[in-house]
Every structure is written in structure tokens, then in C-alpha cells.
Amino acid sequence: MIRVIYILWLRQMKRFFRSRVRLISSLAMPLLFLFSLGFGFGPIFAKAGEGNYIQFVTPGIVAMSLVFTGIFSGIEIIWDKQFGFLKETLVAPVSRLDIMIGRTLGGATVSVLQGLLVLLVSTLVGFKIPGLGMVILTIFFMFMIAILFTALGTAIASVLDDMHAFQLIMNFLVMPLFFLSGAIFPLDDVSVWMGRVASIDPLSYGVDSIRWALTGISYFGAVLDLILLFVITSILLIIGAKMFAKIEI
């Protein structure tokens with residue numbers, strides 16, 4: 001089991017790093033948001049007495065990178081379906097659960113590496129990274145978020161055969177999740193309805209956990225973030241595994 005998971009994880013990593021275009025394009029949107037929002041809203045944020053906006057928004061942009069990379073890894077399943085690569089994998093004498101776990105861990109690892117790249121670039125525009133201990137804690141939270149959304153992408157891709165349909169569903173789902181998570185604005189003074197929506201958005205707890213680890217600022221509380229991330233990630237892993245197991249070859 002462990003050997004199968006490792007091989008599939010390694011395959012995901014090799015596939016990603018062989019595509020330089022994919023690496024660059026997947027970083028383009030998070031970096032665009034970081035620079036445009038950071039320098040665009042920074043002066044307004046400071047005048048409102050909220051402090052350094054780069055310091056506030058960077059955790060949200062890091063979470064954005066994790067979500068986009070993780071959830072769109074599901075496209076690889078549809079691609080493999082269309083070209084027959086998935087069939088070759090599924091007919092192997094191994095458990096589909098092992099295959100799903102290996103693919104999910106591979107996609108999540110790629111997501112975390114990209115999130116770390118975004119975090120590294122953010123230091124060039126003034127973001128201050130805390131000590132090593134908090135960085136390690138940040139990576140832990142990042143990995144949980146990456147697994148959550150990679151499993152979600154896997155679950156949705158398992159029941160679809162059209163890449164265009166997947167992209168439409170993901171755009172319809174991902175953008176609201178991101179903008180309503182508190183990634184780019186504080187949740188302290190939002191309207192009641194928006195606060196309630198944010199409280200049921202799983203990404204809100206991911207953004208909040210990374211922001212707490214990197215800046216010490218938390219809206220929900222680090223303990224609640226950790227508990228809910230663990231629960232939601234576990235649920236989506238189970239759903240993703242069941243959906244993947246039902247793929248017909």
C-alpha cells in the first residue's frame with residue numbers, strides 16, 4: 001500500500017515539474033492578486049487604521065494558490081480518462097483507495113510547494129515571515145487545505161468526462177469560496193449575512209489558520225480552525241474516495 005501511494009505521489013510530482021508552462025501559469029493569478037491588491041488597497045487599508053495590508057492579504061493569497069492548484073488537479077483525472085491512462089492505472093492489482101490517496105497526496109504536495117513559492121515572493125514586496133516554528137505550523141495548515149481541495153477536485157472530476165464542464169463548475173465554486181473567505185478583507189466589520197456565509201465557507205478557516213500562524217491575527221480562533229479543517233478534510237477524503245471508486249472503465 002505505502003509503495004503504491006509513493007509511486008503515484010512521485011508520478012504526480014514528476015508530471016508537474018516537467019511542465020514549466022503549468023508551473024508559471026499557476027503562479028500568475030496569485031501573484032497578480034498579491035501585487036495589485038497589495039499596492040492598490042495598501043494605502044487605503046493603512047489610512048483606515050488597519051495596518052500593513054501586505055501583511056494582512058498575503059496569507060489569503062497563499063491560500064488562494066493552494067485552492068486553485070489543488071482543486072484543478074482534478075482535471076488530470078478527466079484527461080487520463082479521455083486518453084486511457086486512468087484505465088491502465090485502475091486495472092492494476094491495487095486498491096482504488098490507494099490510487100486515490102496517492103494522487104491526492106501528490107496534488108496536495110504540489111499545491112503546498114506553489115504556496116511556499118508565493119510566500120517567498122511576498123517577502124519581496126514587504127511581507128515579514130515569522131520564526132521557523134510558525135513557518136512549520138503554516139506548512140501543516142497549508143497541507144490540510146491542499147488535501148481538502150484536492151480531494152474536492154477529485155470527487156467532482158470522478159463524475160465528469162468533460163474538461164469544459166469541470167472548469168465551469170470549478171470557477172462557479174472556487175471564486176465565491178475565495179472572495180467570501182476573508183482572504184482579502186477583514187471579517188470583523190462585515191454585514192451579518194456575509195459573516196454567516198463566511199462561517200460556512202471551509203476556506204475561511206484555512207485562510208484564518210494561515211493568517212494566525214504567519215501574523216498572529218485570527219478571527220475564528222486557531223483551535224476552531226484546526227478542528228473544522230480536520231473534520232471537513234476527512235469528510236471530503238471519504239466522499240472523494242467513494243466517487244473515485246465508482247469510476248467505470
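Bear in mind that the values in this text are calculations on the coordinates, not laboratory data. Fair warning: this is a prediction, and the values are worked out from it, not measured in the lab. So basically every Cβ, Gly included, is an ideal-geometry build from the backbone, and we count neighbours across all protein chains shown.
Observations on the model:
- Residues I184, I77, I156, sorted so that the one with the fewest Cβ neighbours within 10 Å comes first: I184, I156, I77
- Each of L113, I145, V159 was scored by the projection of its Cα onto the charge dipole of region 81-237, and the greatest displacement toward the positive side belongs to L113; charges sit on the C-beta of Lys, Arg, Asp and Glu.
- Of the trypsin sites (Lys or Arg not before Pro) in region 149-249, the ones in a loop by DSSP (not H, G, I, E or B) with at most 13 other beta carbons within 10 Å are K246.
- Once the mean of 1/r is taken over each pair of separate Cα atoms and inverted, region 84-201 shows a Kirkwood hydrodynamic radius of 17.1 Å.
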